[in-house]
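The numbers here are math on the coordinates, done by the rules we state, and not lab data. Remember, predicted model here, so these are calculated numbers, not experimental data. Cβ placement follows ideal geometry from the backbone for every residue including glycine, while neighbour counts extend to all protein chains displayed.
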Amino acid sequence: MRVHVADHPLITHKLTVLRDKNTAAPTFRALTEELVTLLAYEATRSVRVEAVDIETPVTKTTGVAISSPKPLVVPILRAGLGMLEGMVKLVPTAEVGFLGMVRNEETLQPDTYAERLPDDLSNRQCFVLDPMLATGGSLIAAIQYLLDRGATDVTAVCILGAPEGLAAVEKAMEGRDVTIVLGALDERLNEHGYIVPGLGDAGDRLYGLV
Ligand code: PRP
Ligand code: URA
């Protein structure tokens, strides 16, 4: 498994505004989208391409195009939905599947309540979107879901991660072709399983309390 933690002042600047508890939902949503587009640039570094012949106004040449089967983007509902537009802006030909997961806030175990994915993911490159990697339970379950359907190559894009959760994902995905791209690796988890300093509950900050 590979891990990439962003190191760019624009990302840190946007993260600082995102973390601020006084940042209201419309700004939070816009910043989430912008951050994902920046992280997607790194996350798609190994996207599969194939040679294509084209003609410029000057001459014939060979370029590259994203190859088939198209990459599959999988936002984890609900908070991951806030990352979808930022990702497909960069990879508009990607297809999109959905996984709905909610963490039981007492046991911290993930529960899968919705799934809309192709049955066969053999040979598909998959990009999982979830803003928060806290205990890692939700991300491990999501990646395992995709691997069980045949995916061999999974990249997860997360805005914030906790060291405890990242270690759990690394242990569960040892030896697998899995990459985690993080906007920042924070200090720790608190006693409620929240990332510190973090940004609070990402789903609530995007969409309000339910
Ligand atoms: C949040 C977040 C992750 C999960 C992370 O979702 O978006 O999916 O918690 O926690 P973990 O690493 O400990 O599993 P939540 O369960 O709050 O659902 P929501 O997106 O509907 O708000
Ligand atoms: N889920 C969130 O939305 N935030 C956290 O800090 C942890 C889990």
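I'd like the FRET efficiency for His13 and Arg116, computed as 1/(1 + (r/R0)^6) with the beta carbon distance as r and R0 of 35 Å, rounded to 0.05.
0.50
Of all DSSP beta bridges confined to the range 1-113, the antiparallel ones make up roughly 70%.
In the chain, the DSSP-assigned H stretches of four residues or longer account for a calculated mean residue ellipticity at 222 nm of -9500 deg cm²/dmol, using -39500 (n - 2.57) per stretch and the full residue count as denominator. Mind checking which of Leu72, Leu10, Thr59 is farthest towards the positive end of the range 1-111's charge dipole, using Cβ charges of +1 (Lys, Arg) and -1 (Asp, Glu) about the Cα centre? Among Leu72, Leu10, Thr59, the one farthest towards the positive end of the dipole of the range 1-111 is Leu10. Remark: the range 95-104, residue by residue, has Karplus-estimated 3J(HN,Hα) of 9, 10, x, 10, 10, x, 9, 9, 8, 5 Hz, where x stands for each Gly or Pro and the curve is 6.51 cos²θ - 1.76 cosθ + 1.60 at θ = phi - 60°. Here the chain has an Rg and Dmax of 17.4, 64 Å, counting Cα atoms alone. Placing a pseudo-label 7 Å from each Cα along the Cα-to-Cβ vector at Asn190 and Lys70 gives an inter-label distance of 4.2 nm. When a/c reaches 1.5 or more, the comparison of a/b and b/c decides; with that in mind, is the range 1-56 rounded, prolate or oblate per its Cα gyration tensor? In terms of gyration-tensor shape, prolate.
Would you mind getting me the FRET efficiency between Thr93 and Ala25? Use the beta-carbon distance for r and R0 = 30 Å, nearest 0.05.
Plugging the Cβ-Cβ distance into 1/(1 + (r/R0)^6) gives 0.50.
For the range 164-210 and the range 4-24, write down the distance between their C-alpha centroids in whole Å. Here the answer is 15 Å between Cα centres. The gain in end-to-end length when the Thr61 to Glu164 segment is fully stretched comes to 32.2 nm, 0.36 nm per residue minus the alpha carbon separation. With both partners inside the chain, how many of the DSSP beta bridges are antiparallel, as a percent to the nearest 5? If I count the DSSP bridges inside the chain, around 35 percent turn out antiparallel. In summary, the helical segments of the chain meeting the span-like criteria, namely a full DSSP H run, a Cα extent along the axis of 20 angstrom or more and a mean Kyte-Doolittle hydropathy of at least 0.0, are 25-43.
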